[in-house]
Amino acid sequence: MILKRQGKRWYAIFCVERQVVPSGIDTNRAIGIDVGLHKYAVLSNGSEFENPRFLREKEKQLKKTQRKLSKKKKGSANFIEQVERVRRLHEKVANQRRDFLHKLSYNLAKDYSVIVVENLNIRNMVKNRKLSKSISDAGWGMFRNMLAYKCENHGGVLIKVEPKYTSQDCSFCGNRVKKSLSIRTHICTKCGTVLDRDYNASRNILQKGVEELFATN
């Protein structure tokens, strides 16, 4: 057992061992997931999950609380009380994000035998000043980690694929259509396919994952 303190709360963490009965990999229950900032996740079956943007929702309140903190005398009772208010707000945002990701990852791991995601280099992505706050708020790394162990717990598999060209290539004919991040629709200049950009990417992600799975088995 591990005792952990977070803020004013104590948590007891128990480690247990349990046998996972392999359910067998079923490619008929395979799904590709494209994560993003516009939509949190778009699946290769067309399902979409909105981005809750928990930090963005609390940003004004956080700034107001932090401004009040800056006006307090450091070390005073009022200062300490205001520090606690700021901490509680940050903790609330973190708890909301964690709860959302736990529920989403659990349902996906329960419903699908094979889940394919992009192997994103999140550390490099957060170096973009314009997007760093939104990427951190999304918690993609946490989501991927949750998917990994929940897939294992359900006897499934998580496959991480190279993200290169997943948004550019046509998921129907393979033709490469270059587009900037601002272009949200994939229009193939070869076969005429018109799809939502993220849905097109999720189909390519699934295809890459299935090909990788067959290549290793």
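Computed values, structure above
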item	result
Among ILE135, ILE31, ILE205, residue whose mean-square fluctuation peaks in a GNM of the chain (springs only between Cα atoms under 10 Å)	ILE135
Shape call, the chain: gyration tensor on alpha carbons, a/c limit 1.5	oblate
Filtered chymotrypsin sites (Phe, Trp or Tyr not before Pro), region 154-217: DSSP coil and at most 16 other beta carbons within 10 Å	TYR165, PHE172
Gaussian network model of the chain, springs between alpha carbon atoms under 10 Å - residue of LYS73, LYS92, LYS63 with greatest fluctuation	LYS73
Amide H within-cut-off set for THR193, under 5 Å, with H built and near neighbours excluded	CYS188
Gaussian network model of the chain, springs between alpha carbon atoms under 10 Å - residue of SER113, SER202, SER180 with greatest fluctuation	SER180
Extension gain from LEU131 to TYR106, taking 0.36 nm per residue of separation minus the Cα-Cα distance	6.3 nm
Dipole magnitude of the chain, debye to nearest 20 (Cβ charges: Lys/Arg +1, Asp/Glu -1, about Cα centre)	2000
Relative contact order [Cα under 8 Å, 6+ residues apart], the chain, whole percent	25
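Every read-out reported here was derived from the displayed coordinates using simple, explicitly stated rules and does not represent laboratory data. All values derive from a computational prediction rather than experimental measurement. Neighbour counts run over all protein chains shown; Cβ positions are idealised from the backbone, glycine included.
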